[in-house]
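Worksheet: one structure, shown below.
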Amino acid sequence: MNKKTLLVGLAVILMFHASAQNTFSIEDIIDRAKQQSIFSKQAETQRETSYWQYRSFRTNYNPQLRLNGNLPSYTNYVTPVRQPDGSLLYLPVNQINPNLNFALQQPLGFSGGTISANTNYNFFNDITADATQWSGTVMNVQLTQPVFAYNPLKWDKRIRPVVFEESKRIFVERQEEISRDAVSLFFDVLRQQVNEQVARFNLANNDTIYKIEQGRYNIGTTSQDKLLQVELQLLRSRQEVAQAQLELENARLQLRAYIGLQDGDDFALILPDNIPAFDVLVEDALTYARLNRADYIGFERRRLEAESEVAQAKGQRYQTTLTASYGLNNVGTSVSDLYDNPSQQQIANIGFNVPLVDWGRRKALMQTALANKKLRDYEIEQSKIIFEQEIITKVRQFEMMRLQIEITKKSDEVAQERYNVAQNRYLIGKIDITNLNIALTEKDSAKRSYLDALKSFWTAYYDLRRLTLYDFANKRLLYIPEN
């Protein structure tokens, strides 16, 4: 039997009853998994979350217009008031005292401070005395600036874009993980699909052989022992068919659940024996991995985070804040009075908090941060080595898998031809049932080995795409950074 005939025969087995079913190629299954699987939706949601987190971070550098106050603010109670002679007089308080404050704030990313323009109004109404008054700041400009302090705005501006870029690459890698897992489930079903058809084929052959052996026994050309052996083989074949049907249904259920296919939708799979021809060089794989992988971006992010922790520890040694403001304020019986010849309001203040004796606490915190940074640097270098070793190992394994496919495919053809020869020899009485069963077992094993080799190749192919974010078959990047 030649190669073409074998491929046609295998295709007939895989497409048995396909006219009444949906047929899916490996690309169809991958597309469905990327569009409909729960894992794909989770990855999409995580990407969306990362996007809005990045958008939220960007707003930290934009001006903020705020309104705050107390409306209404009413109090009615009795309070003790100390008199000039030292006694206490309890007087009723019945007041309305609302206030509003408008503020336009601009964070200063380069220094970590804040500059703001403020306007506030306060209204006082003593209901008991029937007295009212307005007070407020018509205009106030204020600067709050930490000195020698940790600047979270500066470090976020360096770290958060890297985190966002990393998240986008992680999404593409998860898509390739989904492809790899879908391929694995695809071949699990395909293997059980072939097992079920092979079991049916073997059952039909063993039924025929049993009838032949029965005829030989009736005419005295074979022994009862051989007849019982053939009958036992027939019973095993029936059991194998039932077991294969159960395992096929389980594999189908797992694939359906993963790609979001309805339970009532029957389907068959197409054998992906057309292997794309392309070469993968270790140097190319490492280059694409360094350029594209989220892990490599993550190395930079981890280094920046370690530097940020050192800067934060350094900034906590001394706490000094400069506050300066200039404004105009006034009081009056109405709001318009506040704008009539207001008085100047000037405030300057430097607040500080410096521990004089801390028993080495500041030094310990600083040294801890430096030690953690050194440890992080070592971990990053180790991660880079593991990162490159994984790429190198995967490429070398991938090179061997193509050869494995060729060998197992040839073994499948040889085992099929050997079984055909053994079957013909058995029919003419040249070999016994034991040798025929050995040829049958080798035929089935060779076919499964060929499918396993195909599974290993395709899962490794999509795993290599995940590790490099590059499609070597079509020579294209799977992720293109935005300008």
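Checked against (1) under 30 Å from SER449 (Cβ atoms); (2) surrounded by 13 or more Cβ atoms within 10 Å (Cβ to Cβ), ASP295 passes all but a single condition, namely (1). When the residues of the range 371-399 are filtered to those that are over 21 Å from ALA460 (Cα atoms) and of a type in the set (Ser, Thr, Tyr), the one that is surrounded by the most Cβ atoms within 10 Å (Cβ to Cβ) is SER383.
Being under 30 Å from SER223 (Cβ atoms) and of a type in the set (Asp, Glu) is a description that does not apply to ASP377. Given the structure, is LEU464 modelled with pLDDT of 85 or more, within 21 Å of PHE278 (Cβ to Cβ) and in the same structural domain as ALA289 (by TED's automatic domain parsing)? Taking the combined requirement at face value, the residue satisfies it. Checking every residue in the range 164-185 against the condition of being surrounded by fewer than 19 Cβ atoms within 10 Å (Cβ to Cβ) and outside any helix (DSSP H, G or I) gives zero matches.
If we scan the range 430-453, do we find a residue that is in contact (Cβ under 8 Å) with a residue 60 or more places away in the chain, over 13 Å from ALA285 (Cβ atoms) and among the basic types (Lys, Arg)? Checked the range 430-453: at least one residue is in contact (Cβ under 8 Å) with a residue 60 or more places away in the chain, over 13 Å from ALA285 (Cβ atoms) and among the basic types (Lys, Arg).
Here's the yes/no breakdown for (1) among the polar types (S, T, N, Q); (2) closer than 25 Å to MET401 by Cβ:
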residue	(1), (2)
ASN195	yes, yes
ASP207	no, no
LEU228	no, no
ALA244	no, no
GLN254	yes, yes
ILE270	no, yes
PRO276	no, yes
ALA289	no, yes
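Within the range 324-340, the residues that satisfy the criterion of being surrounded by 16 or more Cβ atoms within 10 Å (Cβ to Cβ) and either in the same structural domain as LYS374 (by TED's automatic domain parsing) or in a strand (DSSP E or B) (or both) are SER325, GLY327, LEU328, ASN329, ASN330. So TYR339 clears everything in (1) of a type in the set (Phe, Trp, Tyr); (2) within 30 Å of LEU467 (Cβ to Cβ); (3) in contact (Cβ under 8 Å) with a residue 12 or more places away in the chain except one condition, right? Which one? Every listed condition holds for TYR339 apart from (2). Kindly indicate whether any position in the range 265-278 is in the same structural domain as VAL189 (by TED's automatic domain parsing), outside any helix (DSSP H, G or I) and free of Cβ contacts under 8 Å to residues at least 24 places away in the same chain. Within the range 265-278, one or more residues are in the same structural domain as VAL189 (by TED's automatic domain parsing), outside any helix (DSSP H, G or I) and free of Cβ contacts under 8 Å to residues at least 24 places away in the same chain.
Within the range 284-317, if we keep just the residues that are part of a helix (DSSP H, G or I) and over 27 Å from the mean Cα position of the chain (by Cα), the residue that is nearest to GLU390 (Cα to Cα) turns out to be VAL310. Scanning the range 82-111 for residues that are within 30 Å of LEU153 (Cα to Cα), of a type in the set (S, T, N, Q) and surrounded by 15 or more Cβ atoms within 10 Å (Cβ to Cβ) yields ASN101, GLN105, SER111.
The values are calculated or read from the model by the stated rules, or taken from the named source; none is laboratory data. Fair warning: this is a prediction, and the values are worked out from it, not measured in the lab. With ideal geometry, Cβ positions are generated from the backbone for all residues, glycine too; neighbour counts draw on all protein chains shown.
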